[in-house]
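The next block holds one structure in the form of structure tokens; read it before the comments.
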Amino acid sequence: MPRALITGITGQDGLYLSELLLSKGYEVFGLIRGQNNPKHDLVRATVPGVQLVTGDLTDMSSLIRALEFAQPDEVYNLGAISFVAYSWENALLTSEVTGKGVLNLLEAVRLYSHGDASKVRFYQASSSEMFGKVQEVPQRETTLLWPRSPYGVAKVFGHYMTINYRESYGMHASSGILFNHESPRRGPEFVTRKVSQAVARISLGLQEDLTLGNLDAKRDWGFAGDYVEAMWRMLQQPEADDYVVATGETHSIRELLDIAFTHVGIEGWERYVKQDPRFMRPAEVDLLIGDPAKARDVLGWERKVDFPALVTMMVEHDVEEQRALAGR
Ligand code: NDP
Ligand code: GDR
């Protein structure tokens, strides 16, 4: 039975990846922070087969202990401070966790492997946010990186450290440069979930309006359930490499609003949406669109859920959830 250790187990991708690996017969271990993390219960309820082990990406000794406990064949580093807007307010902490945390884990894997580079395969959750100030459209594995947020800069550090460990020590270490991926498990601070929750509440008469920032931003949005499949496929390749994972389509926040409001029978979303500079960013990534050709050709990966299906999936989930919360 193969064994996997996942950091970021309580997050959106950690839950989907756990489900995928458990369905493939893996023994799955999840790194969880803190002695009393309230998300223990969420993980236990969603993926009861996962064994939790305490640790933090900023504490290398805890990572070594987690590796010794889990004895993994594969390590997926999904843990990060992942909210881009928050990273300006907490730039040093973001650098420690999202950037230096990758090095802590790579080094822990290297020490744990005692010079046997084939012992553990490693996945790093790199991000389209590394492209930032876009130098090429669509963005591919070779596109120049120009991050526009402390989060993006930290991800670039982790990305190149992963490549460096591959080149220096022969480690099977791959980076997935994933574009935005969403789901009903997305955190409510991200724009798609903020919209789907608000639209659900407005349709039920529980909320009057929705306040957003930049409505002109464009993103290449896919479904998280599809994207974790690409992570797994990367680690099954004979050689480690870097892959862009994206849909190849881009959509604006306005299109997101159109689909979400129309789905609950509300035409003319402009009446409900306000803008507030509070939700604007000091620097913005305006146009993200990825070229998933390499992932398709080498990994045989393709997305299954398109953008309208993703948005309606999230809105339908949130209508049910909000209805239940309101006791209706
Ligand atoms: P989430 O924000 O949902 O989850 C982040 C996870 O990281 C949580 O489990 C969190 O744990 C954990 N974490 C935070 N700080 C630490 C720490 N100091 N030590 C250990 N774990 C920590 O992210 P997603 O699931 O959406 O994304 C997974 C990864 O993929 C992240 O690295 C993200 O940056 C990256 N990514 C995501 C994309 C997306 O569109 N979703 C696109 C490209 C990259 P806790 O519950 O304790 O806070
Ligand atoms: P992003 O996702 O920054 O791309 O990072 P987010 O959903 O936060 O923002 C997407 C775009 O929407 C615009 N926007 C708003 N965003 C939020 N959160 N709230 C608002 O009210 C709002 N109004 C407009 C933003 O300006 C932005 O342009 C996500 C994270 O998962 C990262 O971890 C990951 O690396 C990248 O995707 C790829």
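The values are calculated or read from the model by the stated rules, or taken from the named source; none is laboratory data. Please read these numbers as outputs of a predicted model, since none were measured by experiment. Neighbour counts are summed over all protein chains in view; Cβ atoms, including those assigned to glycine, are modelled from backbone coordinates with ideal geometry.
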- Of everything in the stretch 206-238 that's surrounded by fewer than 15 Cβ atoms within 10 Å (Cβ to Cβ) and without any contact (Cβ under 8 Å) to a residue 24 or more places away in the chain, which residue is farthest from residue 181 (Cα to Cα)? 238
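Yes or no: the stretch 105-126 includes at least one residue that is within 18 Å of residue 243 (Cα to Cα), of a type in the set (A, V, I, L, M) and modelled with pLDDT of 95 or more.
yes
Identify, please: which residue in the stretch 34-88 is among the acidic types (Asp, Glu) and within 20 Å of the chain's Cα centre (by Cα) and is, among those, nearest to residue 119 (Cα to Cα)? Walk me through how you get there before you give the answer.
Kept after step one, since they are among the acidic types (Asp, Glu), are these residues of the stretch 34-88: 41, 56, 59, 68, 73-74.
Filter again for within 20 Å of the chain's Cα centre (by Cα), leaving 56, 74.
Details: 56: 22, 74: 9 Å.
Within the stretch 34-88, the match that is nearest to residue 119 (Cα to Cα) is 74.
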- Task: For residues that are part of a helix (DSSP H, G or I) and touching a residue at least 60 places away in the same chain (Cβ under 8 Å), scanning just the stretch 296-308, find the one that is surrounded by the fewest Cβ atoms within 10 Å (Cβ to Cβ).
- Result: 298
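Return a yes/no flag: does the stretch 252-268 have any residue that is of a type in the set (A, V, I, L, M, F, W, C), touching a Phe, Trp or Tyr at 6+ places or on another chain (Cβ under 7 Å) and in a strand (DSSP E or B). Spell out how you get there, then give the answer.
Here is the first cut: in the stretch 252-268, the residues of a type in the set (A, V, I, L, M, F, W, C) are 253, 256-257, 259-261, 264, 266.
Next, only the ones that are touching a Phe, Trp or Tyr at 6+ places or on another chain (Cβ under 7 Å) stay: 257, 261.
Among the residues that remain, those that are also in a strand (DSSP E or B) are: none.
The answer is no; no qualifying residue exists.
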- Query: Quick check: is even one residue across the stretch 157-170 within 23 Å of residue 287 (Cβ to Cβ) and either more than 22 Å from the chain's Cα centre (by Cα) or within 16 Å of ligand 1 (Cβ to nearest atom) (or both)?
  - Reply: yes
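Restricting attention to the stretch 254-284, report how many residues are of a type outside the set (Gly, Ala, Ser) and more than 14 Å from ligand 2 (Cβ to nearest atom).
Of the residues in the stretch 254-284, the ones of a type outside the set (Gly, Ala, Ser) are 254-259, 261-264, 266-267, 269-282, 284.
The next check asks that each one be more than 14 Å from ligand 2 (Cβ to nearest atom); those that pass are 258-259, 261-264, 266-267, 270-271.
Qualifying residue count for the region: 10.
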